[in-house]
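Values quoted throughout were computed directly from the atomic coordinates according to the rules given, and no laboratory measurement underlies them. Because the structure is predicted, anything quoted here is derived from the model rather than measured. All Cβ positions, even for glycine, are placed from backbone atoms using ideal geometry, and neighbour counts span all protein chains on display.
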Amino acid sequence: MWDHLYPYFLWIENTRLGHGIRESKWTFTLAEVFHLFGITVFLGSILVLALRIFDLVLREKGVAETARELMPWSMSGLLLTLVTGTLLFTSEAVKCWGNVAFHYKALFLLMALPFQFTALRLVTRADRQSLPPIVRKLTALVAVVLWFGVAVFGRAIFFF
């Protein structure tokens, strides 16, 4: 499958944006710094929410209330991560194409995004009695595994 995508990856890397980021002294570095900051904010909010679902933190607040309060943080972190990640990708698309860690990162990202906005959102909005605790906890665990998988494989791109 990846072989068929090579021309698109090559085109992306050779765009003016990709070339500009790659050739700039500071753009790639700044994008990477903000990318890591966005990842930290986003993963932190996902982890706090999962810990709340497991009743390990913030027990005085409901899950829905905690999710509502974390929403601006998680969405800001996710948006910052996606925007800066796209910028970083455009500068090294061909490198990513041939990198097995990137393939897994893309797979985890394609699973994590819809999971975040469907299953996790459903669980965090549901009344405590409407879903069995095991369903809520498994959903939180899957969300953490998916998002940390994105981060771990993203970091592994450097090593492959």
Inset, instruction - Under a 10 Å cutoff between Cα atoms, tell me which one of L70, L56, L88 has the largest fluctuation in the Gaussian network model of the chain. - result: L56
Legend entry - chymotrypsin sites (Phe, Trp or Tyr not before Pro) restricted to region 69-136 and DSSP loop, no more than 11 other C-beta within 10 Å: none
Inset, instruction - Springs between alpha-carbon atoms under 10 Å, Gaussian network over the chain: tell me which of A112, A93, A126 tops the mean-square fluctuations. - result: A126
Inset, instruction - Just name one of F34, N99, V123: the one whose Cα is farthest towards the positive end of the charge dipole of the chain (beta-carbon charges, Lys/Arg +1, Asp/Glu -1). - result: V123
Legend entry - Sorted by Cβ neighbour density within 10 Å, fewest at the top, the residues H35, H19: H19, H35
Legend entry - Kirkwood Rh, Cα atoms: Rg over Rh of the chain: 1.05
Legend entry - Extension gain, T40 back to A64 (0.36 nm per residue minus Cα-Cα distance, nm): 6.4 nm
Inset, instruction - Take each of the peptides 12-18, 154-160, average the number of other beta-carbon atoms within 10 Å over its residues, and list them starting from the highest. - result: 12-18, 154-160
Legend entry - DSSP H segments from the chain that extend 30 Å or more along their own axis, Cα-based, with Kyte-Doolittle mean of 0.5 or above: 27-53, 63-91, 133-156
Inset, instruction - Using the number of other C-beta atoms within 10 angstrom as an exposure proxy, rank E60, E92 with the fewest first. - result: E60, E92
Inset, instruction - Quick one: which residues, 5+ away or cross-chain, put their amide H under 5 Å from the amide H of N14? H built at 1.01 Å from N. - result: none
Legend entry - Label-point separation in nm, L10 to T118, each point 7 Å along Cα→Cβ: 3.5
Legend entry - Within straight-line cross-link reach of K95, lysines at Cα separation under 28 Å, skipping those fewer than 8 residues along the same chain: K25, K105
